[in-house]
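The values are calculated or read from the model by the stated rules, or taken from the named source; none is laboratory data. This is a predicted model, so every value here is computed, not measured. Ideal geometry is used to build each Cβ from the backbone, glycine not excepted, and the neighbour counts take in all protein chains shown. Ligands, DNA and RNA are stripped out before the accessible areas are found, and what is left, the full protein with its side chains, is counted by its heavy atoms. Shrake-Rupley method; radii C 1.70, N 1.55, O 1.52, S 1.80 Å.
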Amino acid sequence: MAEFSWLPRSPLEHALVAGAYGARDVEPGIALTEIRNFDLVQIMARRGRWADLANAAKARFGVSAPDTPKAVSASDVTLIWSGPDQFLALSKGGKHTMETLSQAFSQSASLSDQSHARALISVTGAQARTMLAKLSSIDLHPAVFPIGAAAATSMDHTSVNLWRGNDRPDGQAVFNLLVFATFAESLWHTMLDAAAEYGVDIGHSEEFA
Amino acid sequence: MRIVCPFCGERELGEFTCLGDAKPVRPAAGASADEVFDYVYLRDNVAGETSEHWYHGGGCRAWLKITRNTLTHEISSVEPAAGVGAAKVGA
Ligand SMILES: [Zn+2]
């Protein structure tokens, strides 16, 4: 029998080169960080079962599941609205996986593992909004896109889940992007092109921003 | 052109795909060939308000029912298609 070795690899493994990119001799206006090794489960209510799903989610996660475009954070999970009657559960360390969630939602929802189907990119820095404005038609002004705001939208013709996380300690806004793994490299290059003029600090991390 | 998705809010046209006329109703099994032909192929060429199915594929992936004026492109209503967003439409 053939031996298989399943080694999780980032879809950006080849495209991402850590370090400085674009304009030099300036303070980098953009930081692009890929977050690796996360657990991501799509949770979709069965028809007419949203109320049951909401109850189960509250019991499981300790926060109310988002039923409008927003991201809700608990201590060990972020629930990201992804469409009517559905959301994504993003976490680390195996706490909220298909295995651990399936029982809690067996009556109300269908679950689908997206852990290795998406890349997670965090965008921050003084020029983050200016750079994202080249790619996105979503208004990211703080007055209309505050912390916890989310959007299922398209960037460069690629579907993304975009949400605003907590600000960095220095007060800079953080924008998180989930993109389909097979489109990640393409969007990554587009983002680098958009960010180059501001100077980019590229990295990857095992921790959420 | 922008469309106000009932789930996502106002979005650019590029996030949506038009399926077409929302009026045709699938004939019952055993319908005549003429009825099936009509359902599959024949469409009214409306000058004025028309009802269409659109798909928010670049966003929340919901199907929508849109009332659009073919003369002005004015959209007078956008609602979830049947079965979409069960909590919202009670379907
Ligand atoms: Zn939508």
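Screening A:Val174 on (1) within 19 Å of A:Ala71 (Cα to Cα); (2) more than 18 Å from the chain's Cα centre (by Cα) shows it passes everything except condition (2). Within segment A:26-39, is even one residue in contact (Cβ under 8 Å) with a residue 12 or more places away in the chain and within 14 Å of chain B (Cβ to nearest Cβ)? No, segment A:26-39 contains no residue that is in contact (Cβ under 8 Å) with a residue 12 or more places away in the chain and within 14 Å of chain B (Cβ to nearest Cβ). Candidates are the residues of segment A:66-79 that are open to solvent by 40 Å² or more (accessible area, probe 1.4 Å) and of a type in the set (Gly, Ala, Ser); the one that is farthest from the ligand (Cβ to nearest atom) is A:Ser75. Confirm whether B:Arg61 is open to solvent by 80 Å² or more (accessible area, probe 1.4 Å), more than 30 Å from A:Gln42 (Cα to Cα), touching a strand residue (DSSP E or B) at 6+ places or on another chain (Cβ under 8 Å) and at pLDDT below 95. Taking the combined requirement at face value, the residue does not satisfy it.
Of the residues screened, B:Gly30 is not one that is open to solvent by 40 Å² or more (accessible area, probe 1.4 Å) and within 16 Å of the ligand (Cβ to nearest atom). Close Cβ contacts (under 7 Å, 6 or more residues apart or on different chains) running from residues in segment A:45-70 that are of a type in the set (Asp, Glu) to residues that are in a loop (DSSP other than H, G, I, E, B) and modelled with pLDDT under 95 comprise A:Asp52/A:Gln107.
Screening the candidates A:Ser110, A:Ser91, A:Ser115, A:Ser82 for the property of being away from the ligand (no atom under 16 Å from the Cβ) and within 14 Å of chain B (Cβ to nearest Cβ) yields one hit, A:Ser110. Answer with yes or no whether B:Asp44 is more than 16 Å from the ligand (Cβ to nearest atom), at pLDDT below 95, in contact with a Lys or Arg (Cβ under 6 Å, 6 or more places away or on another chain) and over 24 Å from A:Gly48 (Cα atoms). So B:Asp44 does not fit the description; no. Evaluating A:Ala59 against the criteria (1) within 16 Å of the ligand (Cβ to nearest atom); (2) not in a loop (DSSP other than H, G, I, E, B) leaves one unmet condition, (1). On the basis of being of a type in the set (Asp, Glu), within 14 Å of another protein chain (Cβ to nearest Cβ) and outside any loop (DSSP other than H, G, I, E, B), does B:Glu52 make the cut? It is false that B:Glu52 is of a type in the set (Asp, Glu), within 14 Å of another protein chain (Cβ to nearest Cβ) and outside any loop (DSSP other than H, G, I, E, B).
Can you confirm whether A:Val63 is surrounded by fewer than 19 Cβ atoms within 10 Å (Cβ to Cβ), more than 14 Å from chain B (Cβ to nearest Cβ) and among the aliphatic types (A, V, I, L, M)? Considered against the rule, which asks whether it is surrounded by fewer than 19 Cβ atoms within 10 Å (Cβ to Cβ), more than 14 Å from chain B (Cβ to nearest Cβ) and among the aliphatic types (A, V, I, L, M), A:Val63 comes out as yes.
In this structure, A:Phe87 does satisfy being in contact with a Pro (Cβ under 6 Å, 6 or more places away or on another chain), in contact (Cβ under 8 Å) with a residue 12 or more places away in the chain and not assigned by TED's automatic domain parsing to the domain that holds A:Val200.
Between A:Ala23, A:Ala59, the distinction of being in contact with a Gly (Cβ under 8 Å, 6 or more places away or on another chain) and either farther than 25 Å from A:His116 by Cα or small (Gly, Ala, Ser) (or both) belongs to A:Ala23 only.
Yes or no: segment A:97-116 includes at least one residue that is assigned to a strand (DSSP E or B) and closer than 26 Å to A:Asn166 by Cα. Yes.
Candidates in segment B:8-27 are the residues that are more than 15 Å from the chain's Cα centre (by Cα) and open to solvent by less than 80 Å² (accessible area, probe 1.4 Å); of these, the one that is farthest from the other protein chains (Cβ to nearest Cβ) is B:Pro27. On inspection, A:Thr100 passes the criterion of being among the β-branched types (Val, Ile, Thr), closer than 16 Å to A:Phe38 by Cβ and surrounded by 14 or more Cβ atoms within 10 Å (Cβ to Cβ).
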